[in-house]
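Notes to accompany the following structure.
Every number in this text was worked out from the coordinates using simple rules, so none of it is lab data. None of the values given here were measured: they were computed from a predicted structure. As a convention, Cβ positions derive from the backbone with ideal geometry for all residues, glycine included, and neighbour counts pool all protein chains shown.
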Amino acid sequence: MNALVGLFSTVAIAAGIVFFVAGTTGLLRFPDALTRLHALTKADNLGLGLIVLGLLPLSGSLGAALKLVVIWALVQFAGATVAQMIGALAAGEHPPSGGRRRR
């Protein structure tokens, strides 16, 4: 049973690394900011999810597993927020300022 868990973890983590490399390749090869951003966020989100999935069976306790899931969720939230801001800047718009307006 331990060998099966180890194999699952290894395959999931390796697949996550492949997606990270694919996202980085898209970042370096695509022509404009929006397509680079799309490639990077999609591939990195899936890559991190697979790495967390591979680490969950190896975590020693429920607390450690919950920490991994919380870190993954925070990265998802931060990545989506930053992608929206960069996309707005690339399109020539001003990103939201949090409710304050400068005059």
Practice task
Pull out the extension gain between Ser59 and Val5, defined as 0.36 nm times the separation in residues minus the alpha carbon to alpha carbon distance; nm, one decimal.
Solution key: 18.3 nm
Handout entry: Most to least packed among 44-50, 81-87 [average Cβ atoms within 10 Å]
Key = 44-50, 81-87
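Could you give the semi-axes, largest first, of the ellipsoid that matches the range 2-90, computed as the square roots of 5 times the alpha carbon gyration tensor eigenvalues and rounded to whole Å? It would help to have the intermediate numbers written out before the result.
Working: eigenvalues 167, 54, 5 Å².
For the range 2-90, the ellipsoid semi-axes come out as 29, 16, 5 Å.
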